[in-house]
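Here is the structure we will look at.
Every number in this text was worked out from the coordinates using simple rules, so none of it is lab data. As the structure is a prediction and not an experimental result, all values here were calculated from the model. No Cβ is skipped: glycine too gets one built from the backbone with ideal geometry, and neighbour counts run over all protein chains shown.
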Amino acid sequence: MIQLTREEHLSWAKQRALRYVDEGDIAQGITSMLSDLSKHPQLGCEEFLARLGMMASTRDEARRWIEGFN
């Protein structure tokens, strides 16, 4: 298995999550982002940040949360 760099993986995770958000599935976008972050050894998400993401109720809130990872 070829492992992406941290930056490549993060970009891929954001794109995938934002696709769900753009389709109106906010919950799946947040879930996708959290799942994908956990799949790379240099990424992850603190529980506090995960909870903030789960509180997103609009596309704009979800988009800001997803795009905020760097």
Result of the Cβ filter at 7 Å on region 40-64, keeping first residues that are touching a residue at least 12 places away in the same chain (Cβ under 8 Å) and partners that are basic (K, R), at least 6 apart or interchain, is H40/R6; Q42/R6; L43/R6
Within region 1-35, the count of residues that are more than 15 Å from G68 (Cα to Cα), in a helix (DSSP H, G or I), charged (D, E, K, R) and touching a helix residue (DSSP H, G or I) at 6+ places or on another chain (Cβ under 9 Å) comes to 2
By residue number, the members of region 36-68 that are out of contact with any helix residue (DSSP H, G or I) (no Cβ under 6 Å at 6 or more places or on another chain) and among the small types (G, A, S) are S38, S57, G68
Residue pairs within 7 Å by beta carbon, gap of at least six or interchain, first lying in region 5-26 and without any contact (Cβ under 8 Å) to a residue 40 or more places away in the chain, second part of a loop (DSSP other than H, G, I, E, B) and of a type outside the set (K, R), listed first then second, are R6/H40; R6/Q42; R6/L43; H9/H40; H9/L43; W12/L4; I26/A56
Note to self: For the structure I just gave you, tell me whether G29 is at positive phi, surrounded by 11 or more Cβ atoms within 10 Å (Cβ to Cβ) and not β-branched (V, I, T).
What the structure shows: no
